[in-house]
Every structure is written in C-alpha cells, then in structure tokens.
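Participant: Take a look at this one; I'll ask things after.
The values are calculated or read from the model by the stated rules, or taken from the named source; none is laboratory data. In this text, all values refer to a predicted model and were calculated from it rather than measured experimentally. Cβ coordinates were reconstructed from backbone atoms using ideal geometry, including for glycine residues, and neighbour counts include every protein chain displayed. The area values use the complete protein model at the heavy-atom level, side chains included, leaving out ligands, DNA and RNA. Shrake-Rupley method; radii C 1.70, N 1.55, O 1.52, S 1.80 Å.
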Amino acid sequence: MTVAVFPGSFDPITLGHLNIIERAAAVFDKVVVCVIGNSEKRYMFTEEQRLAFAKKAVSHLENVEAQAHTGLLTDFMASVDSTLLVKGVRNAQDMDYEYMMERANKTLREDIEVMYLFSDPEFIHVSSTTTREMIKYNKKLDCYLPSSVIEEMQNIQ
Ligand code: PNS
C-alpha cells in the first residue's frame with residue numbers, strides 16, 4: 001500500500017491545498033495530511049485549530065486522514081510508514097523553495113521520494129498568506145477556503 005504524506009503548516013488549509021489532496025487521493029492508496037509547523041514561524045491559528053480545519057476539509061475523502069506532528073517531517077513519515085511526499089507547486093518560486101526542502105529532507109532520510117503536482121490554474125492565486133489577509137479584513141472567503149472550513153472558522157470566532 002502506498003501511503004503519501006502531504007505536509008504543510010496549513011494556516012489555514014485552502015482550496016488550493018484541497019485540489020492537490022483530492023488529486024493525490026485519486027492516485028495513491030492513502031494520503032495523510034500532516035499539519036506540521038516550522039519552529040521559527042508564528043501562526044494565525046493554533047495547531048489544534050489548523051488540524052480541525054484540515055480534518056473538516058478532507059472529511060469527504062475516504063482514503064485521506066489528517067494528523068498533526070511537532071518535530072521533523074521525516075520522523076512523521078516513519079511513524080506512518082511512508083517514504084513518499086506529495087507537494088503542490090504553483091509557480092517557479094514554489095519550485096525553488098520545494099527543491100531546497102527536498103534536499104534538506106534527503107539529508108535526513110535518503111530513501112524518501114517527493115512527487116510534485118502543479119496546481120490547477122484556478123488555484124494559482126490561492127495561498128494561506130492571501131487567505132489570512134482576507135480573514136483579517138473580513139472579506140469573502142469562498143474563493144479561498146472549502147465551505148466546511150469557513151463553517152468551522154465561524155464556530156471558533
Ligand atoms: O505550508 P508551509 O509552511 O510551506 O510548509 C512548510 C513545512 C511545514 C512543510 C516545512 O516547514 C516542514 O517540513 N517543517 C517541518 C520541520 C522539518 O522537517 N524540517 C526539515 C527540513 S529543514
């Protein structure tokens with residue numbers, strides 16, 4: 001069974017992330033969405049909230065689950081018996097960043113493989129950063145977030 005891990009800080013999980021998750025779920029036996037932080041960064045939402053949003057976003061997908069992890073991604077991959085990462089790429093900037101992350105992860109574990117899916121064009125402008133701006137200024141979120149996540153967010157505010 002091929003278990004793919006889709007990692008991110010998901011602050012919050014967006015329609016762009018969901019696009020990649022749904023496409024990965026159609027290809028791999030199981031996809032584990034890993035809500036994982038970068039210890040250098042501050043987040044708008046707590047880990048608990050980011051995990052709750054991720055769980056809501058993937059609840060319609062039978063072979064997808066969401067888990068949170070504190071620490072290194074390669075350690076999380078070992079814990080779910082996976083050697084495969086799936087990443088979404090929107091543009092050349094993402095590609096530069098992902099190449100650097102792949103090199104760093106491979107210094108920790110040589111046997112991992114990373115597969116990249118280009119975002120579908122309607123999600124090219126969607127990022128968690130832009131979404132946070134929309135949230136801050138109380139703008140409509142339906143172009144950025146799954147409706148289940150919008151609902152969950154309203155519950156916590
Ligand atoms: O959504 P993001 O913030 O672009 O995701 C980046 C993330 C969380 C996947 C990356 O920072 C990460 O893997 N963090 C976990 C720590 C880790 O394993 N670092 C190893 C490479 S330096």
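Participant: Mind putting a number on the dipole of the stretch 17-157 about its Cα centre? Charges go on the C-beta only, +1 for Lys and Arg and -1 for Asp and Glu, and I need it in Debye to the nearest 20.
Facilitator: Numbers: 16 positive and 22 negative charges, 106 e Å.
That gives a dipole near 520 debye.
Participant: Order of 55-68, 15-28, 113-126 by packing, highest average Cβ count within 10 Å first?
Facilitator: Numbers: 55-68: 18.1, 15-28: 19.9, 113-126: 14.5.
My ranking of the peptides, most packed first, is 15-28, 55-68, 113-126.
Participant: By average Cβ neighbour count within 10 Å, what is the ranking of 127-137, 141-151 from highest down? Before the final figure, lay out each step's value.
Facilitator: Working: 127-137: 14.5, 141-151: 18.0.
Result, highest mean first: 141-151, 127-137.
Participant: Work out the charge dipole of the stretch 1-95 with +1 on the Cβ of Lys and Arg and -1 on the Cβ of Asp and Glu about the Cα centre, then indicate which of THR14, ALA54, PHE76 is farthest towards its positive end.
Facilitator: Of the candidates, THR14 comes out farthest on the positive side.
Participant: Hey, another quick one. If one takes the longest principal axis of the Cα atoms in the chain, at what angle in degrees, from 0 to 90 and to the nearest 10, does the Cα axis of helix 92-108 lie?
Facilitator: 50 degrees
Participant: When ligands, DNA and RNA are left out and all protein chains stay put, how many square angstrom of accessible area per residue does the stretch 3-156 have with a 1.4 Å probe?
Facilitator: It amounts to 55 Å² per residue over the stretch 3-156.
Participant: Based on Cβ point charges of +1 for Lys and Arg and -1 for Asp and Glu, what charge dipole magnitude is obtained for the stretch 96-157 about its Cα centre, in debye rounded to the nearest 20? Let's see the in-between values first.
Facilitator: Working: 7 positive and 12 negative charges, 75 e Å.
Dipole about the Cα centre, nearest 20: 360 debye.
Participant: Next question. Can you give me the % of accessible surface on the stretch 3-156 that is carbon or sulfur? Probe 1.4 Å, all protein chains present, nothing else counted.
Facilitator: On the way: 4260 of 8520 Å².
C and S fraction of accessible area: 50 percent.
Participant: If you don't mind, another one. With r defined as the distance between the Cβ atoms of GLU151 and GLU113 and R0 fixed at 35 Å, what FRET efficiency is calculated, to the nearest 0.05? Walk me through the numbers on the way to the answer.
Facilitator: Details: r = 36 Å, r/R0 = 1.02.
For GLU151 and GLU113, the calculated efficiency is 0.45.
Participant: Would you mind classifying the stretch 1-112 by shape? Square roots of the alpha carbon gyration tensor eigenvalues, ordered a ≥ b ≥ c; an a/c under 1.5 is rounded, otherwise it is prolate if a/b is larger than b/c and oblate if not. Don't jump to the answer; show the numbers that get you there.
Facilitator: Details: a/c = 1.28, a/b = 1.08, b/c = 1.18.
Note, shape of the stretch 1-112 comes out rounded.
Participant: What is the stretch 3-156's relative contact order, in percent, from Cα pairs under 8 angstrom and six or more apart in sequence?
Facilitator: Values: 229 pairs, mean separation 48.8, N = 154.
RCO, the stretch 3-156: 32 percent.
Participant: Near LYS136, which lysines are there with a Cα under 24 Å away, not counting those fewer than 8 places off in the same chain?
Facilitator: Qualifying lysines at Cα under 24 Å: LYS41, LYS55, LYS56.
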